[in-house]
Amino acid sequence: MSENLGKSSSGAENQLASEKSTEDKKNVWKEFRLFLTDFQSGAAIVGKLSIAAPLIDFVVNIGPPWPSRVTVTFLSAMVQFLLLLFAFEFWLHHETDTEKLKRVRLMLRRAITIVLPLLLLIYLFLFSNFIREEPDMWHREVAGWKYTEKAEKLLETNNVSEKELLSYFGGDPTKVWVASSLNTMRVIVLFSWLLLVVGLASVIALFVSIQWLRQQDHDSS
């Protein structure tokens, strides 16, 4: 008898937990949809602009050229969108947890003063040392660190630059650098860019979402 009661109680608790989880998800999506359709709140406008911010790369071209500018822009925008959604879920579940909010604020301060500048410096170092223009800033290639035998001979005998070398091989970087070094640097440059995007997007998403949710609470009170 007691076992049946225990099982019944456990089943009821699981059902309640499942229903609460479903309700929480609905609330998150509801708030997020309201946020996306809000064109009056400053926080909402900044949030939507942050999702579209990666499109700036089509104007200034500072992102990695591999696998392609379109792919990198799409990945950056998706990262911003998903982090914004995650930020809404976080605040909706922890907006009354003062200790957790203090930790998040501390994390944001550290991210702004330490992590983001460090990620930016790393990417700028990689960009300046392993990105080559072919033939101009709108057509770039990631460079490896080891030349192919033919490319190395041309460098030694003709004293040409890497840009001239790329042009000689028809802009094909696989004929200039060994595949292993080229592919490794492609991944490293892309990964460092995405880390920078994640860091910047996290700060924007957490700040924008809490400002908007607080504004909603203020308007409804």
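In table form, for the structure just shown:
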read-out: Label-to-label distance, nm, for residues given as MET137 and LYS102 (7 Å Cα→Cβ offset); value: 4.7
read-out: Paramagnetic reach from TRP145 in the stretch 125-139 [backbone N under 18 Å; point 7 Å along Cα→Cβ]; value: 125-132
read-out: Nearest-0.05 FRET efficiency for VAL59 and LEU82, computed from C-beta distance (R0 30 Å); value: 0.80
read-out: Cβ crowding within 10 Å averaged over residues, with 138-147, 107-116, 199-208 ranked highest first; value: 199-208, 138-147, 107-116
read-out: 15 Å cut-off, amide nitrogen to a point 7 angstrom out along ASN158 Cα→Cβ, residues in the stretch 172-188; value: 172-173, 175-177
read-out: Stokes-Einstein D for the stretch 129-176, Kirkwood Rh over Cα pairs, 20 °C, 1.002 mPa s (µm²/s); value: 200
read-out: In nm, spacing of pseudo-spin labels at LEU121 and THR71 (7 Å Cα→C-beta vector); value: 3.1
read-out: Relative contact order (percent, whole number), the stretch 111-189, Cα cutoff 8 Å, 6+ residue spacing; value: 32
read-out: Amide H contacts under 5 Å for ARG140, placed H, 5+ residues apart; value: GLU134
read-out: Listed peptides 60-72, 155-167 by packing density, highest first (mean Cβ within 10 Å); value: 60-72, 155-167
read-out: Relative compactness, the stretch 48-207, computed as alpha-carbon Rg over 2.2 N^0.38 Å; value: 1.30
read-out: Amide H partners (placed H, <5 Å) of TRP177, local residues excluded; value: THR148
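Computed from the coordinates by the stated procedures, all read-outs in this text should not be read as laboratory data. These figures come from a predicted structure and were not determined experimentally. As a convention, Cβ positions derive from the backbone with ideal geometry for all residues, glycine included, and neighbour counts pool all protein chains shown.
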